[in-house]
Structures are given as structure tokens and as C-alpha cells.
Number of protein chains: 2
Amino acid sequence: MAQSDTVTRILDTAEVLFAEKGFAETSLRAITTKANVNLAAVNYHFGSKKALIQAVFARFLGPMTQNLEAALDRSQSDVSNGQLTVEDILILVARVMVAESKGSPARLSMMMRLAGLAYTQGQGHLRKFLQNQYTQTFYRLMKITAEATPELKPIERFWRFHFMLGSLVFTMASLESLQAIAEHDFGVRNSELDVIDQLLPFLASGVRAGSLGSPSKGWSLD
Amino acid sequence: MAQSDTVTRILDTAEVLFAEKGFAETSLRAITTKANVNLAAVNYHFGSKKALIQAVFARFLGPMTQNLEAALDRSQSDVSNGQLTVEDILILVARVMVAESKGSPARLSMMMRLAGLAYTQGQGHLRKFLQNQYTQTFYRLMKITAEATPELKPIERFWRFHFMLGSLVFTMASLESLQAIAEHDFGVRNSELDVIDQLLPFLASGVRAGSLGSPSKGWSLD
DNA sequence: TTATGTTTTAAACACTTGTTTGATAGGTGT
DNA sequence: ACACCTATCAAACAAGTGTTTAAAACATAA
């Protein structure tokens, strides 16, 4: 049981530090000393720092995608509620994400940061790892979103899907900063649940928006 | 003129590399060798790596905020069009941003990527720098957004403002990746202007959305 | 017990990092 | 000519990085 304990303690500590300071800025020494394990333990149990990073996210994304798939199965096999609406989908995803990050809001923040890095940081081991591992669930989400928004042209739907993703990722990745500002400026402490509560109608309304004024790109010229 | 040339070449190169790989992952040696300047030039001209990062931001944000302020002055002094709508504001911002990145469309993508990193990646000094330097313009934008959306509660408006910011930053930061996917999946090559064209109605509709179903957070429990 | 395989440990490794140094020009003004 | 300030350069610096090593401790089973 000593091994399992060391591995878990490394993963737990790495998760927190990665979310706090980023990947490159978090050294193995910082992780191992805070986790009260020997420095060499990381390379012994995981092989390398890269592998540790992937293991941290695999521990989060594995169960999460499983739960997401299960929730999608449940919703789609239930004929009583017929076609899923955009709100249904968003709520479904939100439920799974929040449930998966239960107890540690930093987890959600870190997971979203990875998504951002995977998209932004063109090449690198993270993106490939993510892509090879979790694309089928991602495309399934896009597919049922398509069924929920038949009025959109495919290319429109593509962009709006990523607009939603952007709001979600950015908001969750910088959640702590924004919470601090909100508390300072409005004296209100919004939990992550509060924020998601505000986010869902914003996204749902966005995807169903009409098009802008008739002449395309007219805004860009005087 | 040698100094100005060296400084410019450092800034140009740093801008690209920071956007590509992040701050911590980009070494001064990588910058200086690619820029064909001596390693010590960075510390000589900027003082430190931190200062270089801030200088990269300042060179872009300085003119941009100036133009933004000027555009706001023009719009607000023009009594003929009265109160600005959300669309007006979004179009105004889009115009300034596109104009500022003129000549190098990748530049906007880079700066948004940097902004995203600055928000996400703790980096205490960067956030403080941005906050102390450009908050007045930022708050002015929030103020006229408030006037354009009187129906929203302040805290609602605060979050939706950042939801918009998230969509914008994420989309622009990952523009190249998304363009490639769109071209592969739909056979359509969308320019940055096309994307902004799609983004504006999404954002405008999002900020004006109603609230979600009556019981707050009802979605989070079964 | 002995033997075997696994886990932990301290130390060292090779390498990269940002920064500093002192010498060497380059230019400008007196 | 001289002095003065600025800029560039190769070299070195101390500190920190991920990784490896070989010995030690531990566990499990024969």
C-alpha cells in the first residue's frame, strides 16, 4: 500500500500546484517536498515529468468522460423527453463537470487550463495526448449539439460551439481571479456554481442568435 | 540607430516566441539567438526578463488603448446616434483591434494568446502590470457596456462581460487551429474578419439573455 | 531463515536558466 | 587629439532544472 499512497500523494499535490502556478513553473522538487515524498519517486512511478502531467489529467478526464458518456446514453435512450435542447445539453455537461470536480474546485480550473493549452499551444505532447484519448466523446457532444440546433448552418454551428467553449474555458481557467475581483467590486462571493448558473443562459442565448446586419463585414470598414 | 534596431528585433522575436510557447517555456537564449543579438542585450536594454515581457505587452496595448479611447470619445461626443447599443460597442472594439493588428493578422492572435496566458498563468507581476496600466480604459468599456445594458444587475453584467472576453480571447488565441479544422471539416477558409463576423451576434445575444429556470442551481442536483 | 522483487533514499549527474562581468569597440562632442 | 557615454560581445556566474544511480530499507513468499 506504500506505493499507492505515494502515487496518490504525488498526483494530489501536482494537481494543486499545476493549477496554481502552471506546468513549467512547477518543479518536481516543489511537488515532492510538499507531498513529503522523495524527489526520485516521480521518475520511478511515472517515468518523467511529462508522464506525470498526463497522469494528472488522465485521472480527471478518464472518469469524467465516462460519466459524460453515461449521461449522454441516459438522456438519449430516454424517449420521453424526445429531442435534447441546447439548455439540456449544457446542463448535462455542467452537471458532470461539477460532479467530477467535487471537493476541489481547483481541479476544474486546471482541467480547463489544459483545454486552453491544448488548443492554443499548437504542438506538444499535451495536445496529442488529449486528442488521441478523448476525441470520440468530444465529437459526440458536437453531434447532439447539431441535432439541437438544426436551424444553424454547419459552419455557423462550428464556430458558435467553440465560442461557447471559449467562454467556458476562459471563465473557469481564470475563475479565482474573477471571483476576487467580483468580491472586491461588488462585495459578493460567487461560488463556481453561481458562475455556471450565470454562464448557461449566456451560452444558450449565444448559440441561438441571429446573424448580424445584412452587409457582411460592413463593420470593419468606414 | 543600432540600439533601436536591437530593441525592436528583440521585441518582435519575443512576441512570436512567447505566443508560441508561453513565457516560462521561452528562454532568453532562444529569443536572442533567433533575433541575432547578444544574450546580454536583453538585460542591458530591458533590465530583466520580466521587464521584457511587460515591454512586449506595452508596445501592443499602448497604441491600442489610445485608439480605443479615441474611438470612444468620437462615439460618445456624437450626439446624433445617442445611446450606444451593445452591438455598437462590440463593433467599435472589433474595429480598433483589427486596425491595430493590420499588416500582421497573426499579431492579434498572438496578443490574445498572451492576454489569455497573462490571465490564466498566475504570474503576479504581469497581472499587476496590466491592471495598473490599462484599467481606466477597461473600466470605461465596462461603464458604457453598463449604460447599454440597464436591465442587467451589476453582478450579472460583470460576469457576462467576462464571458464575452473569454469567447473573444479563446477564439482569437486558437484562431489558426480552428481555421484549420474548419477548412478540413467544411472545406471553407474563414478569415479572421469572417470569424469576428460570426462572433459579434453570438456575444450580443449572450449579454442580453434572460436568466435560467427559476430555482437557481437547480441544474446541479438530481 | 533466506531469497526475491519492490519501493525509498541521498547523492550526484548533465544541463539549462537568468543575470553579471569586464573588455572592446562605436559614436559624439570638445 | 582626448574624453565620455553608449552599445555589443564572449565568458563566466550561481542557482535551479529533470533525470539517473547505487545503496539501503521494506515487503512478501518459499
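Excluding B:Gln54 itself, what net charge comes from residues whose Cβ is under 13 Å from its Cβ, given Lys and Arg +1 and Asp and Glu -1? Present the calculation step by step, with values, prior to reporting the outcome.
Values: positive: B:Lys49, B:Lys50, B:Arg59, B:Arg127, B:Lys128; negative: B:Glu15.
So the environment of B:Gln54 carries a net charge of +4.
Taking springs between alpha-carbon atoms closer than 10 angstrom, which of B:Leu39, B:Leu11, B:Leu199 fluctuates most in the Gaussian network model of chain B?
Most flexible of the set in this elastic network: B:Leu39.
Which distances in nm, rounded to one decimal and ordered from shortest, link the label point of A:Thr135 to the equivalent label points in the other identical copies, with labels set 7 Å from Cα toward Cβ?
Taking the point 7 Å beyond Cα along Cα→Cβ, the inter-copy spacings are 4.5 nm.
Which residue, chosen from B:Ile144, A:Phe170, B:Ser27, occupies the Cα position most advanced towards the positive end of the dipole of the protein assembly as shown, where the dipole is computed from +1 (Lys, Arg) and -1 (Asp, Glu) charges on Cβ about the Cα centre?
Toward the positive end, the furthest listed residue is B:Ser27.
Using a Gaussian network model of chain A whose springs link C-alpha atoms within less than 10 Å, name the residue from A:Ile181, A:Ile31, A:Ile53 with the highest mean-square fluctuation.
Result: A:Ile181 has the largest fluctuation of those listed.
Taking only the alpha carbons of the stretch A:2-101, what extent do you get along each of the three principal axes, in Å, biggest first?
Between the extreme Cα coordinates on each principal axis of the stretch A:2-101 lie 55, 27, 18 Å.
How far is helix A:86-100 tilted, in degrees, relative to the longest principal axis of the Cα atoms in chain A, given as a value from 0 to 90 rounded to the nearest 10?
Here the helix axis deviates by roughly 10 degrees.
Return the average number of partner chain Cβ atoms within 10 angstrom of each residue Cβ along peptide A:150-163. Present the calculation step by step, with values, prior to reporting the outcome.
Values: counts 0, 0, 0, 1, 4, 8, 3, 1, 8, 10, 6, 0, 11, 13.
Counting other chains' Cβ atoms within 10 Å and averaging over A:150-163 gives 5.
Would you mind working out the magnitude of the charge dipole of chain B relative to its Cα centre, with +1 at each Lys and Arg C-beta and -1 at each Asp and Glu C-beta, to the nearest 20 Debye?
Details: 22 positive and 21 negative charges, 172 e Å.
The calculation lands at about 820 debye.
Given +1 on the Cβ of Lys and Arg, -1 on the Cβ of Asp and Glu, and no further charges, what dipole in debye does the protein assembly as shown carry about its Cα centre, rounded to the nearest 20? Spell out each step's value before the answer.
Working: 44 positive and 42 negative charges, 268 e Å.
It comes to approximately 1280 debye.
Helix A:2-21 against the longest principal axis of chain A: what's the angle in degrees, Cα atoms only, rounded to the nearest 10?
50
Quantify how strongly other chains surround peptide A:172-184 by giving the mean number of their Cβ atoms within 10 Å of each of its Cβ atoms. Present the calculation step by step, with values, prior to reporting the outcome.
On the way: counts 1, 6, 10, 0, 1, 5, 6, 0, 0, 3, 5, 0, 0.
Taking the mean over all residues of the peptide, I get 3.
Tell me, Kirkwood radius of the protein assembly as shown from alpha-carbon pair distances, in Å? Don't skip to the answer; put the middle values down first.
On the way: mean 1/r = 0.0429 Å⁻¹.
After inverting the pairwise mean of 1/r, the radius is 23.3 Å.
Which of A:Ser191, A:Ser27, A:Ser77 moves the most in a Gaussian network model of chain A with Cα springs under 10 Å?
A:Ser77
For B:Ala180 and B:Glu20, compute 0.36 nm times the residue count separating them, minus their Cα-Cα distance, and round to one decimal in nm. Don't skip to the answer; put the middle values down first.
Working: separation 160, 0.36 × 160 = 57.60 nm, distance 1.66 nm.
So the chain would gain 55.9 nm between B:Ala180 and B:Glu20.
So how many Å³ per residue does the convex hull of the Cα atoms of chain A work out to?
Numbers: hull volume 39.4 nm³, N = 222.
Convex hull volume per residue, Cα atoms: 177 Å³.
Treating cross-link reach as a plain straight distance, find the lysines whose alpha-carbon is under 17 Å from the alpha-carbon of A:Lys128, omitting any fewer than eight places away in the same chain.
A:Lys49, A:Lys50, B:Lys21
Using only Cα atoms, find the angle between the long axis of helix B:154-173 and the longest principal axis of chain B, and express it within 0 to 90 degrees, rounded to the nearest 10.
50
Put a label point 7 Å from Cα along the Cβ direction on B:Asn67, then list its distances to the equivalent points in the other copies in nm, shortest first.
Its label point is 4.5 nm from the equivalent points in the other copies.
We did not get these values from a lab; they are worked out from the coordinates using the rules stated. If you're wondering where the values come from, they're calculated on a predicted model, not measured in any experiment. Glycine also receives a Cβ, built like all others from the backbone with ideal geometry; neighbour counts cover every protein chain displayed.
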